[in-house]
Amino acid sequence: MQDTGERGVQWMGESLEVLRDLPADVRWTVGRALFKAQKGIRHKDAFPLRGRLRGIFEIARDHMGDTYRVFYTLRCPGWVYVLFCHRKKSKRGTAIPKHEADLILRRFRDCMAECSERGER
């Protein structure tokens, strides 16, 4: 991937399978945002997270009363790691539930370890 300056995409856990089950409108937005991330451009619907999830971006898309979220990171050179994808179920505002934040953080650490093993970090 580094020959063209474009990043590859790595899917963590069941992220790709979950994305395939999302509504077409949401899939299109997420696909466009990830394509831009591969090119080094941030999509208008992608926002960096703060706190312990620093280094991770969230794509949030509303569709017919539901909110869909995809979390990814660009920390590993040459790669976009998609960490987690889901339909938001919580009725408590925009906060990420603790169990989901823990899963995202665990996958983030796994992808960083994988990146280190390849000698890319």
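Each value in this text was obtained by applying a stated rule to the coordinates, not by laboratory testing. Note that the coordinates shown come from a computational prediction; the quantities given were computed from them, not determined experimentally. So basically every Cβ, Gly included, is an ideal-geometry build from the backbone, and we count neighbours across all protein chains shown.
A few remarks follow.
- Principal-axis tilt of helix 24-38 within the chain, Cα atoms, nearest 10 degrees: 30
- Counting every other Cβ atom within 10 Å of each residue's Cβ, M64, M12 order from fewest to most as M64, M12.
- Lys pairs under 22 Å by Cα in the chain, provided they are eight or more residues apart or on distinct chains: 4
- Lone cysteines, the chain (no partner Cβ under 4.7 Å): C85, C111
- Remark: the Cα gyration tensor places the range 8-117 in the oblate category, a/c being 1.5 or greater and a/b not exceeding b/c.
- Packing-based exposure ordering (other Cβ within 10 Å, fewest first) of H63, H86: H63, H86
- Over the range 8-117, Cα pairs under 8 Å with separation of 6+ residues give a relative contact order of 27 percent.
- The angle between the Cα long axis of helix 98-117 and the longest principal axis of the Cα atoms of the chain comes to about 10 degrees, rounded to the nearest 10.
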